[in-house]
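J.: Take this structure first; my questions come after.
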Amino acid sequence: QVQLVESGGGLVQAGGSLRLSCVASTKIFSIRTMGWYRQAPGKERELVAQIMRDGSTNYADSVKGRFTISRDNAKNTVYVQMTSLKPEDTAVYYCNALVLIPQAYTYWGQGTQVTVSS
């Protein structure tokens, strides 16, 4: 199985920035898609950003222009740089990975808390 470990969450004031990291236990070029999801209290888990093996990216409309997903293949790590943070960005952020070989399967990290104060 693929193990995913997130870090970088914390408390930040509105307008500030944070960078979250997700370290995978396997070469990330062997993973079809990696992404970040978030879940706020009382809300459904939602996609924040994802990056595919070919480097293409997708973002939720709510974070476009503020968040950037990137990767470092040598470190088996995916990042999301979050800028211009808003209180509504407060949530637990989860890293995930989709593999297709030998079978399609999605892995999840344990989550890291991001709290944005006003």
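J.: Within the stretch 74-81, is there a residue that is outside any strand (DSSP E or B), touching a Phe, Trp or Tyr at 6+ places or on another chain (Cβ under 9 Å) and either open to solvent by 60 Å² or more (accessible area, probe 1.4 Å) or at negative phi (or both)?
T.: no
J.: Output the residues belonging to the stretch 87-118 that are part of a loop (DSSP other than H, G, I, E, B) and either open to solvent by 40 Å² or more (accessible area, probe 1.4 Å) or at pLDDT below 95 (or both).
T.: Across the stretch 87-118, the qualifying residues are Leu100, Ile101, Pro102, Gln103, Ala104, Gln110, Ser118.
J.: Moving on. If you scan the stretch 1-31, which residues turn out to be over 15 Å from the mean Cα position of the chain (by Cα) and either small (Gly, Ala, Ser) or farther than 16 Å from Ser84 by Cβ (or both)?
T.: Scanning the stretch 1-31 gives Gln1, Val2, Leu11, Ala14, Gly15, Gly16, Ser25, Thr26, Lys27, Phe29, Ser30.
J.: Still on this structure: Let me confirm something: among Ser84, Ser70, which residue is modelled with pLDDT of 95 or more and either assigned to a loop (DSSP other than H, G, I, E, B) or among the acidic types (Asp, Glu) (or both)?
T.: Sole residue among the options that is modelled with pLDDT of 95 or more and either assigned to a loop (DSSP other than H, G, I, E, B) or among the acidic types (Asp, Glu) (or both): Ser84.
J.: Yes or no: Ser56 free of Cβ contacts under 8 Å to residues at least 12 places away in the same chain, exposed (fewer than 15 other Cβ atoms within 10 Å of the Cβ) and more than 14 Å from Gly109 (Cα to Cα)?
T.: Here the answer is yes, as Ser56 does meet what is asked.
J.: More than 21 Å from Gln110 (Cβ to Cβ), buried (at least 21 other Cβ atoms within 10 Å of the Cβ) and in contact (Cβ under 8 Å) with a residue 12 or more places away in the chain: is that true of Val63 in this structure?
T.: So Val63 fits the description; yes.
J.: Which one of the conditions (1) modelled with pLDDT under 95; (2) touching a Lys or Arg at 6+ places or on another chain (Cβ under 8 Å); (3) closer than 22 Å to Ser118 by Cβ does Gly42 fail to meet, given that it meets all the rest?
T.: With (1) modelled with pLDDT under 95; (2) touching a Lys or Arg at 6+ places or on another chain (Cβ under 8 Å); (3) closer than 22 Å to Ser118 by Cβ applied to Gly42, the lone miss is (2).
J.: Please enumerate the residues belonging to the stretch 1-39 that are polar (S, T, N, Q), at pLDDT 95 or above and open to solvent by less than 30 Å² (accessible area, probe 1.4 Å).
T.: Of everything in the stretch 1-39, just one residue is polar (S, T, N, Q), at pLDDT 95 or above and open to solvent by less than 30 Å² (accessible area, probe 1.4 Å), namely Ser21.
The values are calculated or read from the model by the stated rules, or taken from the named source; none is laboratory data. Model, not experiment: these values are computed from the prediction. Here the Cβ is made from the backbone with ideal geometry for all residues, glycine too, and neighbour counts use every protein chain on show. Surface areas here come from the heavy atoms of the whole protein model, side chains and all, with no ligands, DNA or RNA. Shrake-Rupley method; radii C 1.70, N 1.55, O 1.52, S 1.80 Å.
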